[in-house]
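As structure tokens, the structure follows; a few thoughts come after it.
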Amino acid sequence: MLYEGDFSPPPGRFALVAARFNAVVVDQLVAGAADALKRHGVGDDRIDLVRVPGSYEIPLVAQRLGKSGKYAAVICLGCVIRGDTDHYDYVAGAAANGIATAALNCGVPVVFGVLTCETLEQAINRAGAKAGNKGFEAAVTAVEMVNLLKQLPGG
């Protein structure tokens with residue numbers, strides 16, 4: 001038997017957890033994610049946006065929302081840009097590990113949509129310019145995963 005998610009309109013509510021830090025980039029990711037959800041049949045009335053200070057704070061909120069039973073998926077959106085110190089490594093690593101842990105702990109898709117870029121230009125390109133919109137892609141992943149989990153045994 002083959003199990004595979006599809007892009008049909010998914011059931012349930014969706015949460016977007018978005019960092020305020022690097023808002024010029026993250027706001028574009030949020031717009032892309034909302035657009036993707038709408039294109040896949042999820043109306044504004046089924047999308048909640050939760051703002052957190054930065055990418056480091058995303059995992060705790062994502063896990064809380066995922067465990068609440070209120071959401072079919074949680075989409076995590078942020079942007080970490082390398083600077084002159086090790087701060088980038090700590091924040092990017094903590095966000096990635098924390099989001100993965102949240103996904104495993106709460107049993108609903110918790111999708112990683114945090115950009116980790118060398119420059120602001122790279123981030124802008126990944127938030128809707130030359131490289132597409134990674135927020136849109138994260139939301140499409142959430143739709144596919146919600147639909148996949150509906151099919152799997154034990155769900």
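Kindly check whether there is at least one residue in region 76-83 that is outside any loop (DSSP other than H, G, I, E, B), surrounded by fewer than 20 Cβ atoms within 10 Å (Cβ to Cβ) and at pLDDT 95 or above.
Yes, region 76-83 contains a residue that is outside any loop (DSSP other than H, G, I, E, B), surrounded by fewer than 20 Cβ atoms within 10 Å (Cβ to Cβ) and at pLDDT 95 or above.
Among (1) of a type in the set (A, V, I, L, M, F, W, C); (2) in contact with a Lys or Arg (Cβ under 7 Å, 6 or more places away or on another chain); (3) closer than 30 Å to T119 by Cα, which single condition is A72 missing?
Of (1) of a type in the set (A, V, I, L, M, F, W, C); (2) in contact with a Lys or Arg (Cβ under 7 Å, 6 or more places away or on another chain); (3) closer than 30 Å to T119 by Cα, only one is false for A72: (3).
Within region 41-49, identify whether any single residue is at pLDDT 95 or above, within 30 Å of Y90 (Cβ to Cβ) and not hydroxyl-bearing (S, T, Y), and answer yes or no. Explain how you work it out, then say what you get.
At the first step, the residues of region 41-49 found to be at pLDDT 95 or above are 41-49.
If we keep only those that are within 30 Å of Y90 (Cβ to Cβ) too, we end up with 48-49.
In the following step, the residues that additionally are not hydroxyl-bearing (S, T, Y) were identified as 48-49.
Among the residues of region 41-49, at least one is at pLDDT 95 or above, within 30 Å of Y90 (Cβ to Cβ) and not hydroxyl-bearing (S, T, Y), which makes the answer yes.
Do we have any residue at all in region 49-62 that's more than 15 Å from the chain's Cα centre (by Cα) and surrounded by 14 or more Cβ atoms within 10 Å (Cβ to Cβ)?
Within region 49-62, the first condition is being more than 15 Å from the chain's Cα centre (by Cα), and the residues that meet it are 53.
In the following step, the residues that additionally are surrounded by 14 or more Cβ atoms within 10 Å (Cβ to Cβ) were identified as none.
No.
Answer with yes or no whether A31 is out of contact with any Cys (no Cβ under 8 Å at 6 or more places or on another chain) and surrounded by fewer than 20 Cβ atoms within 10 Å (Cβ to Cβ). First the steps, then the outcome.
Numbers: out of contact with any Cys (no Cβ under 8 Å at 6 or more places or on another chain): yes; surrounded by fewer than 20 Cβ atoms within 10 Å (Cβ to Cβ): yes.
So A31 fits the description; yes.
Would a scan of region 134-153 turn up a residue that is more than 15 Å from I81 (Cβ to Cβ), assigned to a loop (DSSP other than H, G, I, E, B) and in contact with a helix residue (DSSP H, G or I) (Cβ under 8 Å, 6 or more places away or on another chain)? Full working, then the answer.
Going through region 134-153, the residues more than 15 Å from I81 (Cβ to Cβ) turn out to be 135-153.
Applying the additional criterion that residues be assigned to a loop (DSSP other than H, G, I, E, B) yields 152-153.
Right, trim to in contact with a helix residue (DSSP H, G or I) (Cβ under 8 Å, 6 or more places away or on another chain) and you get none.
No, region 134-153 contains no residue that is more than 15 Å from I81 (Cβ to Cβ), assigned to a loop (DSSP other than H, G, I, E, B) and in contact with a helix residue (DSSP H, G or I) (Cβ under 8 Å, 6 or more places away or on another chain).
Hey, among A129, A96, which residue is free of Cβ contacts under 8 Å to residues at least 60 places away in the same chain and under 24 Å from L65 (Cβ atoms)? So that I can check it myself, show each step before the final result.
Values: A129 fails: under 24 Å from L65 (Cβ atoms).
So the residue among A129, A96 that is free of Cβ contacts under 8 Å to residues at least 60 places away in the same chain and under 24 Å from L65 (Cβ atoms) is A96.
The values are calculated or read from the model by the stated rules, or taken from the named source; none is laboratory data. Predicted model, so just to flag it, every value in this text is computed and none were measured. Please note: Cβ atoms are built from the backbone with ideal geometry, for glycine as well, and neighbour counts cover all protein chains shown.
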